[in-house]
Structures are given as C-alpha cells and as structure tokens.
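The values are calculated or read from the model by the stated rules, or taken from the named source; none is laboratory data. Computed from a predicted model, the values in this text were never measured in an experiment. For the accessible areas, the whole protein counts, side chains as well, though only heavy atoms, and no ligand, DNA or RNA atoms are used. Shrake-Rupley method; radii C 1.70, N 1.55, O 1.52, S 1.80 Å.
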Amino acid sequence: MRRTARTPRTSRKKRSSLANRAIAASAALILGGGGLVAVNVYASAGEGPSGSPPTTRAQNTGRQMSTIDCPDAGNELPDVPEQARPEVDRELAAMDTQITDAYRQFADRKEQISQDPGLAENAVLGPLRNKRTASLDRIGIAIGRAGERPAGIEGLAGCSLRADDSASGNPGGDTGDGGSGDGGQDDGQGQDQGQNQGQGDDQGQGGNQGQGDDQGQGDNQGNGQDPGQGQGGQGGNGPEPSDFVDIQSVQPNVQRPRQRRGASRGTFTTDCGRNENGKFNPDNVIVAPGVSNGAHHMHDYIGNQANDAFASDDDLANGATTCRNQGDRSTYYWPVLRLQNGQDEADVNADGGGKDQNVGEIQTPSQVTLKFVGSPVSRVTAMPRFLRIITGDAKAFTNGDANANASWSCTGFEDRQLKDKYPICPEGSQVVRTFAFQNCWDGQNTDSANHRTHVAFAQPNGRCPNGFRAVPQLVQRIVYDVPPGPGFAVDSFPEQLHKPITDHGDFINVFDQRLMKKMVRCINDGRRCR
C-alpha cells in the first residue's frame, strides 16, 4: 500500500514566535560498562577559519570520503535576541539546505573527487563556503540589530570531507566526533539520562542506561549483508553493514533507577495511534518554523493533526487529534523508518523523500506507547502548555554524540539497548526504538534559543539541576514488524548517512489544564492511569 506524502503549504497564518535553529552540544556520552560517562565534545573538523584549506578526517589514509562535515552554526551562536530569531531561523534552515545541495554535488562526483581532490574544493567546498559566509553575515547583522554582533562567526563557514569510519571496518567504533575520550563533567543539559525506557512503569528515570562497551561486538559484519542494495544502502548513502549488530551478541546493559523516599512512582499513558492515517511531512515547526522541508527528511506524526512548519500555538490548540482522550492535543513526531527494499513511496520525487535521498518503503509502526513517568526522588509538577522538547540530535553523526538519545533494541531483548547501531533481531522478534525525553524544566520558558537549555535531564542521583523542577517524563516506545536482517533505516539529513545515532524525537505539550492536572496527580499518587 503506497502512502501519499503531504505537500507542505507555502503560506498560512502568522506563526508563533519560536526559538532559533541551534542544537547545543553540552556533553558527550561514551559507552562504558554498566553506565553512561560524560566526556568532552570533540570539535568538528570544519571549525577552522573559513579561509583555511579544506581538510578531511581521513587525509592520507586512502579511505574513501563519505560525507560533508560542517560546523553546526546554531551550536556556536550565543543567545539570540527574541526579535532576531525569525531571521536567524530562516538563515540556519537555509544553511541546512546548502549542505544538502553540496552533498548532492559531492555524491554525484565522488569517483571524480577520489581521483582529483582539488575538484572537491572547486566544485563543492568552495561554493558551499561562500554561501555559508553570506548566511552567517546575515545572521550576524540580524543579531547585531538587537544586540552585540557575535565575534568570529565567519569562522564557521568552512566545511570538510570526511570518511565514514564505521564503513571502514571499525565495528563497535564511535559514529561521530564524540563517543570516546577522557572523562569530563556533564553540565546537566546533555542527553545522558533516562535511557532505560520501555522496561516497566518505573523506567526512563535518571541516568540508568548502562550501554556497555559490548555495543557493536559480535557478528555485525557477518550478518550485515545489504539485501540487494550494495554497500551504501538503497539510496547510495547508507546505511552500511557495519551500522548493524546482532542483538543476541550484546550483553544486558540496562540498569533500573533506585527509587528513593518521596519518589513519584505512578504512570500516565496516552493512546494516540500509530499514524495509521499516514500524516507525513518534512517540516519541523520547533527547529525550522515557517520553512517548508526544514527537516530534509520525513516525519511520522501522531496526536495533533495541524502540525506543519507554519503551525502557531493557536493552530495546535484548535487542531484535531488522533489521541483517544481529546484533552491531549499534543504533537508527537519522529523520522520515519523505511525498508531498504527497492520499493518506491509516493515521495520518491519529493522534498524530504527521494530528493533528499530518503528512499524505500515507509513502515507504519506495529505499536506506539506514549507513557509519562515520574521522578525517582521527588514529586513532579505540571508541564506548561506548549512546552517544546527535542530529544536526540538529527546531526549526531557529524556533530558528535553529545545530544544523541535514541535507544535501539528488539522485543524480548530490551535489557540490551544500542545507541549507535541498528539491531538485527532474531526471527519472531520486532525492532524497538525508544526515547526518554528530558524530565526537568527551568520553571519559566516553553522553549529556548537552542531548544535545549529550558529543559534538562536529571542528574545521576535523580535530582534536577539547580533552578530546574521535575516534570512528567515522556517515554516513547515505537515497535516495527520488519523482516529479520539489516534492511532498514531511519530518514536523515542526506549527509548524516542514515546513521542510527541521528535518531531523534519531538514533542509539543498541548494537554488541556484538566488532563495535565490528572496526569500529575496520578504520577505523584503512584497510580497507573490512562
């Protein structure tokens, strides 16, 4: 059955004032035996001056260049004044499109570039740097009108080519800039908490996802044959065989949080379906408001049906919902998962689909569970209406895994969670992807300039950082009935090569006041409610 991708509108009601495109990276995660360890983020290779020669991560090693690596400009921007955010939003989204276009140029000429490295500078990196310089200049001017122009912003223009280490015989190695190195201190904002989702009512609380260093071990090479699509996936840009691992070769690594006196042990589950009605678009109203195809990949949507790039808070408040309880008009969305089986979807020639190298048959989940859980150490307080939360990082392959927060597993094996590999499930077992969203709120803001600093994860002891309060934590579990083997991938920005570490989820709270109060009472009273 073919599904029709919805065509984004080019104009609509005045959109709400939203935060800028930046995705901050405050800490990185490494996979250590039995727990998560915070480490310093590795700098992107493209962070040199814009006039410097192009560099590659695999220079002089003979490895094939696989993608384009650019500094995440939004990551490096200071706080953006409210009045400058709309223009900054548009320019940051334009820079994403510039990278996408440059990646297409690179992919089309990959063989030529391997023979003539100078072609990369002349045909790809040079023109990209010029466009990024112009966009960064406009960002600087916009911020300068309302405050002080950020210094050194032009240094973010340069990009580089890099190899995909995981495709070069590095099973179990990190995918991205982070993921290894010496310890550092987590500032409480990184995606390092609540990753033991889907194991019971008291899951998803605190830093308890011990994703041991067994990740990537076993027969991820031997079982990684790509079913008829070659070594680069159906779209020619991923996934690779080394992006998969047999879940049976992974050791149990989930640790449940210790419940302390005063914990809020209840749960509240909302049923919003599985996107049976096929609502898709390549927008992201949180990250790129007012920009069609701001995500460059297709999202599944459940809950609020008014969500597109142009949706205002009023639009969401008045939108229809697929949620069984009509008091929940929240919007829940994530990148679609596709079979790499050569089958075309209706979006094969559309933005977000084939035009952005996202191809294959979109899979409707067999099950979606949306569960809100409490704090292991305290009571929770109500979320504010229109609170926006992003968990995970759509650019984690090139940004590093500071904000990566997807867990991959298989039914029957959910005590074994993967972060940077897709699971190969045995016959009769289904693929599971899980997100535990941030569970602490700053008590003031429904969004922030980088979409992250207004919320945080609890610290390892279960308590929120200073100045934050505990709120119900959304734990989202999505199950797929796909053929056993490595023939699937999530949609991604083209240059992110469909890596599992780029998985991410988005949530906007549009619960009405009555239902939110019911949720909080239920969780604090230790009951299980729907």
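Just a few scattered comments:
- Reciprocal of mean inverse Cα separation for the range 106-169 (Kirkwood radius, Å): 13.8
- Under the Debye formula (equal points on every Cα, no solvent term), log10 I(q)/I(0) of the range 344-446 at q = 0.16, 0.17, 0.18 Å⁻¹: -1.05, -1.13, -1.20
- The mean accessible area for residues of the range 247-305, using a 1.4 Å probe and ignoring ligands and nucleic acids, is 34 Å² per residue.
- Amide H contacts under 5 Å for Met298, placed H, 5+ residues apart: Val336
- Per residue value of the accessible surface for the range 87-172 (all protein chains in place, 1.4 Å probe), Å²: 43
- Measuring nothing but alpha carbons in the range 339-384 and taking Rh as the Kirkwood radius, the Rg to Rh ratio lands at 1.34.
- J(HN,Hα) series, the range 69-76, from Karplus relation 6.51 cos²θ - 1.76 cosθ + 1.60, nearest Hz, glycine and proline x: 10, 10, x, 7, 4, x, 5, 9
- Quotient of Cα Rg and 2.2 N^0.38 Å for the range 487-530, N being how many residues it contains: 1.93
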